[in-house]
Every structure is written in structure tokens, then in C-alpha cells.
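Quick one: the structure is below, questions incoming.
The values are calculated or read from the model by the stated rules, or taken from the named source; none is laboratory data. Just so we're clear, the structure is a prediction, and the values are computed from it rather than from any experiment. Please note: Cβ atoms are built from the backbone with ideal geometry, for glycine as well, and neighbour counts cover all protein chains shown. Keep in mind that these areas ignore ligands, DNA and RNA; they rest on the heavy atoms of the full protein, side chains included. Shrake-Rupley method; radii C 1.70, N 1.55, O 1.52, S 1.80 Å.
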Amino acid sequence: MADGFEILGQGRIWGVVPVPTIATLGLYVIGVFVLLRTRLGRYTVSIGSNEQATKVSGVNVPLYLILIYGLSGVTAGIAGLTEASRIGSGQPAGGVGYELDSIAAVVIGGTSLFGGQGSLIASWIGALIIATLRNGLNVLGVYAFWQLVAIGAILIAAVYIDNWRRLRRGGEQ
């Protein structure tokens, strides 16, 4: 790897705060700003809630979908660079399993898989819950397979609760 590349994944600011933490918080603040204060953020929520209604209201949905997926790719690239810097090499299967954790964190944070509900703050709290659960299971010596089972069970329960809440409010399944 190039000289200085390890700073992205292993460096510390003032010898205390890890650089990945600063990068994550920076991306989080940018994400909150974009989602709450820009047209792109409003259209993202609108497309997630009802794509057809957004299209009928005059929004260029294909353009905004390209922007949304492009930003998703940029953040995935930053995560990949951080992971490669952290372990010192590129691992094609390095992120396997993270998708379950991220989906579980977002759903536990209250984002509906049916669209139209969710917030970055709640998703962040969900991510803290998943990270705490994963760390606690590691400390207890629980095998990785059973950790996946536990997180999957929590995800199923969260989806069930979300669906139950929607039905109680009279929403569609």
C-alpha cells in the first residue's frame, strides 16, 4: 500500500480519536444535512415513500435515483478504502456479513421496509444497538454462526413489529 494509506483506517487524531470515527461522523453530518435541508433529501424521502406519486408531481425520478445510487456507491467506496487501510490489504470478501448488520440497524432504528418512514438519527441508534450486541456476543464467546442467527431473529422481530404497527394504523401489508 502507498505510504500514509494506513492513516485512513488506523490513524488517530491527537493520538486519541480514531480517523474512521471522524470520517463516519463527517459523513453522518453531511447525510443529515442533505436529507433534511436539500431538494435531493426531500426527493429521496418522497421517492422512498411513493415513487409513482413523486414522478407524477413533476420530479425527474430517474435522475434522482441515479444521484441516490451514485452517492450510495461513493459511501461504499469510502467504507472499502477505510477497511483496506485498516487491515492493510484489499480483501474481496472483507465486507461479507455487513449487509445483514446494516439492514438490521436501519430496521431496528425504525425505518420501514415498506418505505416512507425512517431517520438517520434512529438508524444511528440502531447501528449502536447492533454493534453493542455483536460486541457483547463476541465477549461471551458466542460463535459467529449463532451471532448471525441472533441478529437475524432480531431483524425478523423488528419487521414483524413494523408490519403489526402498520396494520394497526390501517396501512397496507
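Restricting the search to the stretch 19-61, which residues are touching a residue at least 60 places away in the same chain (Cβ under 8 Å) and closer than 24 Å to Gly4 by Cβ?
Within the stretch 19-61, just Pro20 meets the criteria.
May I ask you to verify whether Trp124 is open to solvent by 100 Å² or more (accessible area, probe 1.4 Å) and under 30 Å from Ile30 (Cα atoms)?
Yes.
How about the stretch 66-95: which of its residues are open to solvent by 80 Å² or more (accessible area, probe 1.4 Å), more than 12 Å from Met1 (Cβ to Cβ) and under 19 Å from the mean Cα position of the chain (by Cα)?
Ile66, Tyr69, Leu71, Val74
Please enumerate the residues belonging to the stretch 140-160 that are open to solvent by 80 Å² or more (accessible area, probe 1.4 Å) and among the aliphatic types (A, V, I, L, M).
Leu140, Ile156
Considering (1) closer than 28 Å to Val29 by Cβ; (2) surrounded by 11 or more Cβ atoms within 10 Å (Cβ to Cβ); (3) of a type outside the set (Asp, Glu), say which one Leu137 fails and leave the rest.
Every listed condition holds for Leu137 apart from (1).
Additional query: In the stretch 96-109, which residue that is farther than 15 Å from Thr44 by Cβ and without any contact (Cβ under 8 Å) to a residue 24 or more places away in the chain is surrounded by the most Cβ atoms within 10 Å (Cβ to Cβ)?
In this case the residue turns out to be Gly109.
Here is a follow-up. Filter the stretch 50-65 down to the residues that are farther than 22 Å from Ser112 by Cα and open to solvent by 40 Å² or more (accessible area, probe 1.4 Å) and list them by number.
Those that are farther than 22 Å from Ser112 by Cα and open to solvent by 40 Å² or more (accessible area, probe 1.4 Å): Val56, Ser57, Gly58, Asn60, Pro62, Leu63.
Counting only residues that are of a type in the set (A, V, I, L, M, F, W, C) and surrounded by 14 or more Cβ atoms within 10 Å (Cβ to Cβ), which one in the stretch 6-20 is farthest from Thr82 (Cα to Cα)?
In this case the residue turns out to be Val19.
Just name the residue that is farthest from Val61 (Cα to Cα) out of those in the stretch 21-49 that are of a type in the set (Ser, Thr, Tyr) and surrounded by 16 or more Cβ atoms within 10 Å (Cβ to Cβ).
That would be Thr24.
Kindly provide the set of residues from the stretch 120-134 that are more than 9 Å from the chain's Cα centre (by Cα) and either under 17 Å from Ile156 (Cα atoms) or in contact (Cβ under 8 Å) with a residue 40 or more places away in the chain (or both), ordered by number.
Ile121, Gly126, Ile129, Ile130, Leu133, Arg134
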